[in-house]
1. Can you find a residue that is open to solvent by 10 Å² or more (accessible area, probe 1.4 Å), closer than 13 Å to TRP317 by Cβ and not aliphatic (A, V, I, L, M) anywhere in the stretch 401-417?
2. Of all residues in the stretch 307-327, which are open to solvent by less than 10 Å² (accessible area, probe 1.4 Å), within 16 Å of the ligand (Cβ to nearest atom) and either at negative phi or among the β-branched types (Val, Ile, Thr) (or both)?
3. Restricting to the stretch 125-139, give me the number of residues that are open to solvent by less than 70 Å² (accessible area, probe 1.4 Å) and not in a loop (DSSP other than H, G, I, E, B).
4. Checking the condition open to solvent by less than 30 Å² (accessible area, probe 1.4 Å), within 16 Å of the ligand (Cβ to nearest atom), assigned by TED's automatic domain parsing to the domain that holds THR410 and in contact with a helix residue (DSSP H, G or I) (Cβ under 7 Å, 6 or more places away or on another chain), which residue from LEU382, LEU340 passes?
5. Determine if the stretch 62-75 includes at least one residue that is under 23 Å from GLY172 (Cα atoms), of a type outside the set (D, E, K, R) and at pLDDT 95 or above.
6. Considering the stretch 82-123 alone, what residues qualify as being surrounded by 21 or more Cβ atoms within 10 Å (Cβ to Cβ), within 16 Å of the ligand (Cβ to nearest atom) and closer than 26 Å to ALA280 by Cβ?
7. Within the set of pairs 6+ apart or on separate chains, which have a first residue in the stretch 298-325 that is closer than 28 Å to GLU156 by Cα and of a type in the set (Ser, Thr, Tyr), a second that is open to solvent by 50 Å² or more (accessible area, probe 1.4 Å) and within 16 Å of the ligand (Cβ to nearest atom), and C-beta atoms under 8 Å apart?
8. If only one of ASP388, ASP394 is free of Cβ contacts under 8 Å to residues at least 60 places away in the same chain, within 31 Å of the chain's Cα centre (by Cα) and either surrounded by fewer than 22 Cβ atoms within 10 Å (Cβ to Cβ) or on the phi > 0 side of the Ramachandran plot (or both), which one is it?
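The values are calculated or read from the model by the stated rules, or taken from the named source; none is laboratory data. Quick caveat, the model's predicted, so the values are computed rather than measured. Cβ placement follows ideal geometry from the backbone for every residue including glycine, while neighbour counts extend to all protein chains displayed. Just the protein is used for accessible areas: all its heavy atoms, side chains included, with ligands, DNA and RNA removed. Shrake-Rupley method; radii C 1.70, N 1.55, O 1.52, S 1.80 Å.
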Amino acid sequence: MSTVAVIGAGYVGATTAACLAWLGHDVTCADIDATRIDRLAAGQVPVLEEHLADLVAAGLAAGRLRFVTDSAAASGAADFVFLCVPTPAGATGAADLSAVDAVCRRIAPHLRPGAVVVNKSTMPVGSVRRVASALAEAGAVPGRYGVASNPEFLCEGRAVRNFLEPDRIVIGADDPAVAERVRRLYREIDAPVVVTDPESAEMIKYAANAYLATRVTFVNSIAALCEQVGADVADVMVGMGHDRRIGSRFLAPGPGYGGSCLPKDVAALTHVAERVGADADMLRAVMRTNERQRRRVVETAKRLVGGRLDGAVVAVWGLTFKAGTDDLRDSPALDIAERLVDAGAIVRAYDPAGGARAAVLVPGLDVVASPYLACKEADLLLVLTEWDDFRHLDFGRVHQVMAVPAVLDTRNVLDPDLLRALRFSYTGNGRR
Ligand code: UDX
């Protein structure tokens, strides 16, 4: 059992803290947001993460998990200090590491001899060296602490499962003893462990996310092509997925990738590539195509309401960046809803995770509490996230309340045969 400080209590930090406590370590999670800390200390989890509330409750009850605002004190008592603070994309696409730098300044004077600082948040290649320098500049004595990269591969909504049942654990450190100490933190977890140098560990994370973004973008491009040539992307992806080199997961068309990670990470990797003079054309093309996908959805919606969005009534199901989360950050759904409002459409949106904050982010967007109310007098129902709830709704009732029974299903989540039998006009994404 080790003593761990986790700095940052977002979905990565809170998940990391709760799971390390579950694995038997003594964990103190610190965040500057006192409200968030108070809620977590009371067992209230402010993010929609399956099982996280249970693990937080278990850690609090066992006295192995606590939430504080003082990161310096937490770090001063720890063998390991996990950095789980936000690293958002800056204006140029480069990762903004100001929060990381601030934490290094705050904890450096308090680090115990032999402590290991662990970069858990996604940080650009070279960040282990940057953190080591920042700690030294702030008074930590070089040689008396270690720094390692241990990137998170947590999908929002499934973060706990991803942490405790990972496809792999990646550790990047120059000192093999430091790497081994980090590896032992996870000894209860049965998963491949990749131990490498810091730069390679950091690149594994970016390359993985850039590949996932490329894969989604590829699927969306093939879906558009399928529509033009009369193929069905659902069957095409099944046929592709049987190839073991390709696999069948992460091949679902949609309104484009979004969220707090993929867009940021593709932009950051592109920035690094261009800064060092490497070929960034493919990454640039992925970002451009992803942006175009959002516009394509708006254009298709416009066509389906007769060519004019101004005054059209559009029902939107789904505002978050994907199903299973309440996260609106860089959500293609929210972006598309905003573009529809800006084009003069009357947009009523429903989201199972609430989406109440969406009405604040997009003035003029009417967020309602019922999927049927959203469809009232609508000329089009636009499905933008793949919530399973949508499949089981009463489409006879939807048909009754809509002005025009037309559906644009960007996630291919609904049943075309059922809807057509109920006399809807159904348009999927890449479907025949
Ligand atoms: C991602 C990575 O998967 C995870 O490993 C990393 O740690 C954080 O970033 P997340 O952002 O939670 O996780 O979402 P993910 O489930 O990967 O989906 C990313 C985007 O791609 C979403 O907008 C999603 O809707 C879209 N997507 C995903 C598709 O459009 N089709 C798919 O088949 C899968």
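1. The answer is yes; a qualifying residue exists.
2. VAL316, TRP317, LEU319, THR320, THR325
3. Going through the stretch 125-139 one residue at a time, the tally reaches 8.
4. None of the other options fit; the residue is LEU382.
5. Yes; the residues of the stretch 62-75 include at least one that is under 23 Å from GLY172 (Cα atoms), of a type outside the set (D, E, K, R) and at pLDDT 95 or above.
6. The answer is THR87, ALA95, ASN119, SER121, THR122, MET123.
7. Pairs that qualify, where the first residue is closer than 28 Å to GLU156 by Cα and of a type in the set (Ser, Thr, Tyr) and the partner is open to solvent by 50 Å² or more (accessible area, probe 1.4 Å) and within 16 Å of the ligand (Cβ to nearest atom), are THR325/LEU48.
8. ASP394 is the lone residue from the list that is free of Cβ contacts under 8 Å to residues at least 60 places away in the same chain, within 31 Å of the chain's Cα centre (by Cα) and either surrounded by fewer than 22 Cβ atoms within 10 Å (Cβ to Cβ) or on the phi > 0 side of the Ramachandran plot (or both).
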